[in-house]
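Below is one structure, written out as C-alpha cells, with a few remarks after it.
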Amino acid sequence: MDPMFRYFLGFQVAADRAGWLARQLPSVAGDLFAGLKPQNYHLTLCTIAETAEPQSFLRQRVTTAFASGLPAASPIPFGRIMSREMGAELTTVGSIGGVRHLYDGIVALLAAQGVEPMHRKSGLRPHITLGYGACAFDPVPMAWRWTPRELVLIESHVGHRRHRVLQSWSLLPPAQGAFAFMEDELPPPPRRAA
C-alpha cells in the first residue's frame with residue numbers, strides 16, 4: 001500500500017522570505033508545472049516515516065530525542081534557482097559542511113530513540129523545492145545565506161501538497177557570527193528607474 005502520510009524534519013521558510021523567494025522564480029511556461037504555495041517552502045533534512053495511517057506517537061519520540069537540546073544552527077549558502085526534470089528548486093553553492101554537521105547531530109539524537117532517516121542513500125543535498133512538473137529555464141542566480149531559526153516536524157499528506165507542522169524546536173545561534181543570527185542575508189532589492 002502506498003504511504004498516505006510522510007513525516008519529515010526540516011526548516012520552514014518564514015512567510016516574508018517565502019513570498020520574496022516566490023517572486024524570484026522565473027515565469028515558467030507549460031501546463032505541467034505547478035508552483036508550490038510559498039507557505040509550503042521548506043528544506044527537508046530527512047524523512048523519518050512513511051505510513052498509511054497517521055502516527056500519533058511519532059511526535060513524542062522525536063521530542064524525547066531532542067530533550068537534551070539540538071546542535072547550533074548553520075548558515076545555508078543558496079546560489080541559484082534551477083530547472084530540474086520534475087520541477088524547480090533553489091540550490092546551494094559552496095560548502096554545506098555546517099548543514100552536514102547539524103544533520104549528523106540531529107540524526108545521532110534520533111538514533112537514540114530508534115528513529116532513522118529514510119532516502120539518504122544519495123547523500124545530503126540541501127535545496128528548497130519551488131514547484132513540481134516539467135519546466136525549462138536557464139539557471140537564475142540568487143545569492144541568499146539563510147540561517148534557519150527552528151527545526152520543524154512536518155506531517156505531509158502525500159499527493160495533496162498539504163503540510164501540517166506538528167512541533168517546532170528553536171535552534172541555538174551559530175557558534176560564530178552569533179550577532180547576525182537573527183538576520184537573513186538577502187541581496188538588496190533592485191533599484192527602480194526614476
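The values are calculated or read from the model by the stated rules, or taken from the named source; none is laboratory data. Nothing here was measured: the structure is a model prediction, and the numbers come from that model. Please note: Cβ atoms are built from the backbone with ideal geometry, for glycine as well, and neighbour counts cover all protein chains shown. Remember, those area values only see protein heavy atoms, side chains included, never the ligands or the DNA or RNA. Shrake-Rupley method; radii C 1.70, N 1.55, O 1.52, S 1.80 Å.
Things to note:
- Proximal charge balance of Phe66 [Cβ under 14 Å; K/R count +1, D/E count -1]: +1
- Within the chain: Cβ-based charge dipole about Cα centre, in debye rounded to nearest 20 (Lys, Arg +1; Asp, Glu -1): 240 debye
- Rounded to the nearest 500, the helix-only mean residue ellipticity at 222 nm of the chain stands at -5000 deg cm²/dmol, with each DSSP H run of n ≥ 4 adding -39,500 (n - 2.57).
- Amide hydrogen neighbours beyond the local backbone of Gly131, cut-off 5 Å, H modeled: Leu36, Ala88
- Rg and Dmax of the chain, both derived from C-alpha coordinates alone, stand at 17.2, 60 Å.
- With at most 14 neighbouring Cβ atoms within 10 Å, loop trypsin sites (Lys or Arg not before Pro) (DSSP) excluded, longest segment of the chain: 1-119
- Alpha carbon centroid spacing (whole Å) that separates segment 107-136 from segment 41-74: 12 Å
- For the pair Val165 and Glu53, the difference between a 0.36 nm per residue extended length and the Cα-Cα distance amounts to 38.6 nm.
- Under DSSP loop assignment and at most 12 Cβ neighbours within 10 Å, longest GluC sites (Glu not before Pro)-free interval of the chain: 86-182
- Solvent-accessible heavy-atom area per residue, rounded to whole Å², over the chain at 1.4 Å: 57 Å²
- Surface/4 estimate of mean projected area, convex hull on alpha-carbon atoms of segment 1-80, nm²: 8.0 nm²
- Protein accessible area in the chain, 1.4 Å probe - carbon and sulfur %: 53 percent
- Shape class for segment 70-123, computed from the alpha carbon gyration tensor (a ≥ b ≥ c): oblate, with a/c not under 1.5 and a/b at or below b/c.
- Chymotrypsin sites (Phe, Trp or Tyr not before Pro) restricted to segment 12-74 and DSSP loop, no more than 14 other C-beta within 10 Å: Phe57
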